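Written below as structure tokens is the structure these notes are about.
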Amino acid sequence: MLQVQEHSLRPLTTAHLAQTMTLLALSNLELRETIQAELASNPALELLDERVCPGCRRPLKRAGPCPKCSLRNGNDEPIVFLSPRESIRKPRASGDEDALADREPAAPEDLSIHVMQQLAAELQPEDRSLAAYVLSSLDEDGFLPDHPVMIARTTRTMPSQVSRVLELISRADPPGLATEGPRQALLVQLDLLQDMTPHSDVARAMLEDTFSELGRREYDAIAKRLGTNSDKVRKAAEFIQQNLNPYPARSYWGSGKHRAAADPNVYHNPDIQISQSTSDAESPLQVEIFSPFRGWLRVNPLFREAAKQSDGEASEDWAQHLERAALFVKCLQQRNQTMRRMMKILVTEQQGFILNGPQHLIPMTRAKLAERLEVHESTISRAVAHKSIALPDGRIIPLARFFDRSLPVRDRIREIIKFEEKPLTDDKIVVVLRRDGIKVARRTVAKYRSMEGILPARLRHKEETVS
């Protein structure tokens with residue numbers, strides 16, 4: 001186990017790193033499809049129908065977690081292990097018939113709704129229909145095919161109003177939406193992240209003046225044209241590649257161009273499950289990282305022996321198959337170890353949130369976690385993307401929820417409104433929050449209230465009157 005972990009920290013080749021990052025960004029369902037495709041295309045790769053622990057490679061005689069890796073370690077640290085089991089749906093402990101109501105939908109909500117919820121407090125009443133029109137006009141990559149003047153003419157609005165709405169949308173999550181194309185999307189994202197790099201000026205000049213050369217990685221030519229040195233250009237290019245997304249909608253829908261079906265009745269089988277190791281409430285948490293497949297994935301030893309005896313063109317082809325299979329297995333192991341190390345820190349730090357709810361969430365950023373793991377922030381982003389996790393109470397939430405710094409405040413706002421004697425305005429909620437030591441602006445309260453699907457005070461008052 002130690003050898004695998006040490007190996008996971010050593011510098012990787014470019015091919016190894018690229019494939020590991022690709023696999024890391026996939027959910028278990030997506031990873032299973034990727035493995036099936038690789039098995040179908042590469043005869044040097046095989047999946048044995050044998051139960052083997054993906055962590056210690058110990059043969060397992062019965063169903064369930066590995067008895068060695070899931071063994072309690074004698075202290076209060078969480079037990080984090082790679083499970084040979086495929087993801088299973090964990091029943092709610094209480095047996096409540098409303099269990100499904102607390103589960104998160106497997107498919108993401110509609111992108112337009114996602115953005116409109118963020119902009120609810122920012123948009124003027126007359127801008128809402130225009131924003132809805134713009135969002136419904138985006139293509140599958142998140143770009144706006146129509147010129148702003150054409151949108152103003154079609155919607156009978158002023159060009160200045162269209163510009164204002166487009167700017168708001170472009171700076172929402174995911175940033176870069178409603179722009180003309182990749183260059184403009186990258187520039188918007190760079191504006192939001194310019195404090196993260198000392199080379200933001202060079203990066204901006206590259207995007208504005210040498211975009212074609214950047215795509216061809218002609219760094220020396222770019223440096224000469226911009227009057228700077230190649231080292232700054234390479235560092236700026238690396239920052240762009242690792243932190244910016246030229247196709248903003250894809251960062252929301254996931255890999256590929258096609259949108260996921262937004263069926264609210266489809267629920268996740270979790271990628272990870274957290275439970276108590278025993279019935280004792282003081283027992284350490286057990287974190288099971290599910291496998292995307294049953295069995296043992298390995299390089300086919302018979303194919304390896306046959307390749308040694310082949311010659312000519314067949315020998316070269318077989319060698320490539322072997323190399324690709326070995327790389328795939330190694331990258332899959334690297335993915336698993338990264339997930340295990342990340343979850344150990346997350347569960348240790350966020351035990352209060354896991355057991356007691358959103359108000360106990362400790363603010364944590366992907367950058368800080370990356371620093372502790374000694375990896376790049378983009379590695380953490382990929383490890384978190386598209387993953388879901390089952391909590392001990394049966395709820396299934398996105399793994400990204402662990403990094404939602406607004407969650408404790410949103411939960412407190414929801415609690416304040418739940419127990420209000422009469423509808424409180426956003427200004428009054430700000431006052432209540434300040435008594436709790438939470439300093440936020442009225443606009444922030446309005447934004448968080450909208451994200452929770454809670455009506456303004458005047459409309460809540462009408463609801464009470466009607467009821």
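Every read-out reported here was derived from the displayed coordinates using simple, explicitly stated rules and does not represent laboratory data. Model, not experiment: these values are computed from the prediction. Here the Cβ is made from the backbone with ideal geometry for all residues, glycine too, and neighbour counts use every protein chain on show.
What distance in nm lies between label points placed 7 Å from Cα along the C-beta direction at MET451 and ARG435?
2.4 nm
Net charge around PRO148, counting only other residues with Cβ within less than 13 Å of its Cβ (Lys, Arg = +1; Asp, Glu = -1)?
Values: positive: ARG153, ARG164; negative: ASP146, GLU167, GLU180.
Computed value for this residue: -1.
Work out, step by step, the length gained on full extension between THR365 and ARG414: first 0.36 nm times the residue separation, then minus their alpha carbon distance; give nm to one decimal.
Working: separation 49, 0.36 × 49 = 17.64 nm, distance 2.36 nm.
The THR365-ARG414 span can extend by a further 15.3 nm.
Say R0 is 51 Å: what FRET efficiency, to the nearest 0.05, do LEU459 and ALA40 get from their beta-carbon distance? Intermediate results must be reported in sequence, preceding the final value.
Values: r = 55 Å, r/R0 = 1.07.
Once the sixth-power term is evaluated, E becomes 0.40.
Note down the magnitude of the dipole of segment 407-466 about its Cα centre, charges +1 on Lys and Arg C-beta and -1 on Asp and Glu C-beta and zero elsewhere, to the nearest 20 debye. Mind showing how you got there, number by number?
Working: 16 positive and 10 negative charges, 55 e Å.
So the magnitude is around 260 debye.
Quick one: which residues, 5+ away or cross-chain, put their amide H under 5 Å from the amide H of LEU45? H built at 1.01 Å from N.
It is ASN300, by chain and number.
Give me the extension gain from GLN194 to ARG156: residue separation times 0.36 nm, minus the current Cα-Cα distance, reported in nm with one decimal. Show your work: numbers first, answer last.
On the way: separation 38, 0.36 × 38 = 13.68 nm, distance 3.57 nm.
Gain on stretching GLN194 to ARG156: 10.1 nm.
Within 11 Å, Cβ to Cβ, of PHE328, how many net charges do the neighbouring residues add up to if Lys/Arg are +1 and Asp/Glu are -1? Before the final figure, lay out each step's value.
Numbers: positive: ARG298, ARG324, LYS330, ARG335; negative: GLU38, GLU323.
Summing Lys and Arg as +1 and Asp and Glu as -1 gives +2.
Are there GluC sites (Glu not before Pro) in segment 337-377 that DSSP puts in a loop and that have at most 11 other Cβ atoms within 10 Å, and which ones?
Qualifying residues, ordered by number: GLU374.
Provide the gained length on full extension for the span ASN229 to ALA400, in nm with one decimal, where the gain is 0.36 nm per separating residue minus the Cα-Cα distance.
Details: separation 171, 0.36 × 171 = 61.56 nm, distance 3.83 nm.
This chain segment gains 57.7 nm when fully extended.
Ranking HIS376, HIS199 by Cβ neighbours within 10 Å, fewest first, what do you get?
Going from sparsest to densest Cβ surroundings: HIS376, HIS199.
Run through segment 136-220 and list the trypsin sites (Lys or Arg not before Pro) located in a DSSP loop whose Cβ has at most 16 other Cβ atoms within 10 Å.
Details: sites: ARG153, ARG156, ARG164, ARG171, ARG183, ARG204, ARG216, ARG217; in loops: ARG156, ARG171, ARG216, ARG217.
For trypsin sites (Lys or Arg not before Pro) across segment 136-220 that sit outside H, G, I, E and B with at most 16 neighbouring Cβ atoms in 10 Å, the list reads ARG156, ARG216, ARG217.
How would ARG458, ARG335, ARG324 line up from fewest to most surrounding beta-carbon atoms within 10 angstrom?
On the way: ARG458 9, ARG335 23, ARG324 18.
If I rank by nearby Cβ atoms, fewest first, I get ARG458, ARG324, ARG335.
Rounded, prolate or oblate: which fits segment 407-466 when a ≥ b ≥ c are the square roots of the eigenvalues of the alpha-carbon gyration tensor, with rounded for a/c under 1.5 and prolate only if a/b beats b/c?
Numbers: a/c = 1.86, a/b = 1.61, b/c = 1.16.
Note, shape of segment 407-466 comes out prolate.
Which distance in Å, rounded to a whole number, links the C-alpha centroids of segment 293-338 and segment 394-467?
54 Å
Go ahead and run the numbers for FRET between LYS422 and GLU126, Cβ-Cβ distance against an R0 of 22 Å, rounding to 0.05. Intermediate values should be presented prior to the final figure.
Working: r = 30 Å, r/R0 = 1.35.
After rounding to 0.05, the efficiency reads 0.15.
Taking neighbour counts of Cβ atoms within 10 Å as a proxy for exposure, in what order, fewest first, do THR179, THR157 appear?
Values: THR179 22, THR157 18.
Going from least to most buried by this count: THR157, THR179.
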